[in-house]
Amino acid sequence: MKQTSHRLRSSAPSRSAEAGNSGQIPAIGRIFPVPIAPKVPEVIFVFWVVKILTTAGGEATSDYLKSWGNIKGGGTEVGLFVIALVVQFSTRRYRTFAYWSLAYAIAIFGTGVSDFLHLDVKIPYAGTTLLWAIVLIGIFWTWHHNERTLSIHSITTQRREAYYWATVFATFAPRHRARGLHGDLTRTWLPGL
């Protein structure tokens, strides 16, 4: 009898093995609940309308916060981003307010980071666009290597959600910078347009 119960206990996965297989991120998993359903909305027409509005609103908000200076404006952007991350990771399934609050915060913070790199660190638009493209490739490679999928329909673990939001952030920043690069090239090579 003791041998049987010992065999059953030893074949059961350890708590750390369960956490690793469940897709929980150790630091986040201790604080936030495990998702029980996909945490992204369906990509339909309304998704794109709201996405455009949050992107435009985030860029405008970041530009306004830039007028507060790097410390106050940047600090506000970081604060909004952290609050939105906490709200989103506190949900167990897709919640409209949490999801779009984080999307809006990423638009604000992503614009701020990209502007800081270009205006204050003096990295040209082409350089920041290349930088974010390399970051994005790294995120995709790591995500696929660890999860064996890049499907947004499988965002049902904390780790996949973290990869998803890192991707959203990394795709926002070069898009914002690419528009600036386009403006620079147009002014340089096609003056008067």
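In segment 110-121, what residues are more than 21 Å from Thr167 (Cα to Cα) and not in a loop (DSSP other than H, G, I, E, B)? Don't jump to the end; show me each part of the working.
First, the residues of segment 110-121 that are more than 21 Å from Thr167 (Cα to Cα): 119-121.
Residues satisfying the conditions are Leu119, Asp120.
Could you tell me which numbered condition Ile28 fails, if it satisfies all but one of (1) in a helix (DSSP H, G or I); (2) open to solvent by 60 Å² or more (accessible area, probe 1.4 Å); (3) not charged (D, E, K, R)?
Of the numbered conditions (1) in a helix (DSSP H, G or I); (2) open to solvent by 60 Å² or more (accessible area, probe 1.4 Å); (3) not charged (D, E, K, R), the odd one out for Ile28 is (2).
Within segment 37-92, how many residues turn out to be of a type in the set (A, V, I, L, M) and farther than 24 Å from Tyr163 by Cα? Working first, answer last.
Our first condition is that a residue be of a type in the set (A, V, I, L, M); within segment 37-92, this holds for 37, 40, 43-44, 46, 49-50, 52-53, 56, 60, 65, 71, 78, 80, 82-87.
Pick out the ones that are also farther than 24 Å from Tyr163 by Cα and you get 60, 65, 71.
Qualifying residue count, segment 37-92: 3.
Is there a residue being assigned to a loop (DSSP other than H, G, I, E, B) and surrounded by fewer than 18 Cβ atoms within 10 Å (Cβ to Cβ) anywhere in segment 43-57?
Kept after step one, since they are assigned to a loop (DSSP other than H, G, I, E, B), are these residues of segment 43-57: 43-44.
From what's left, surrounded by fewer than 18 Cβ atoms within 10 Å (Cβ to Cβ): 43-44.
Checked against the condition, which is being assigned to a loop (DSSP other than H, G, I, E, B) and surrounded by fewer than 18 Cβ atoms within 10 Å (Cβ to Cβ), segment 43-57 yields at least one hit.
Within segment 122-150, which residues are outside any helix (DSSP H, G or I) and open to solvent by less than 40 Å² (accessible area, probe 1.4 Å)? Steps first, answer last, please.
Our first condition is that a residue be outside any helix (DSSP H, G or I); within segment 122-150, this holds for 122-124, 148-150.
Passing the criteria: only Thr149.
Just to check your reading of the model, which residue among Tyr64, Tyr99 is of a type in the set (Phe, Trp, Tyr), open to solvent by 40 Å² or more (accessible area, probe 1.4 Å), in a helix (DSSP H, G or I) and modelled with pLDDT of 95 or more?
Answer to the check: Tyr64.
For the structure I just gave you, tell me whether Ala19 is open to solvent by less than 70 Å² (accessible area, probe 1.4 Å) and at pLDDT below 95. Even if it seems obvious, please write down each step before you answer.
Working: open to solvent by less than 70 Å² (accessible area, probe 1.4 Å): yes; at pLDDT below 95: yes.
So Ala19 fits the description; yes.
The values are calculated or read from the model by the stated rules, or taken from the named source; none is laboratory data. For clarity, every value in this text was computed on a predicted model and none was experimentally measured. Methodologically, a virtual Cβ is constructed for each residue, glycine included, from the backbone with ideal geometry; neighbour enumeration extends over all protein chains shown. Only protein heavy atoms, including side chains, enter the accessible area calculation; ligands, DNA and RNA are left aside. Shrake-Rupley method; radii C 1.70, N 1.55, O 1.52, S 1.80 Å.
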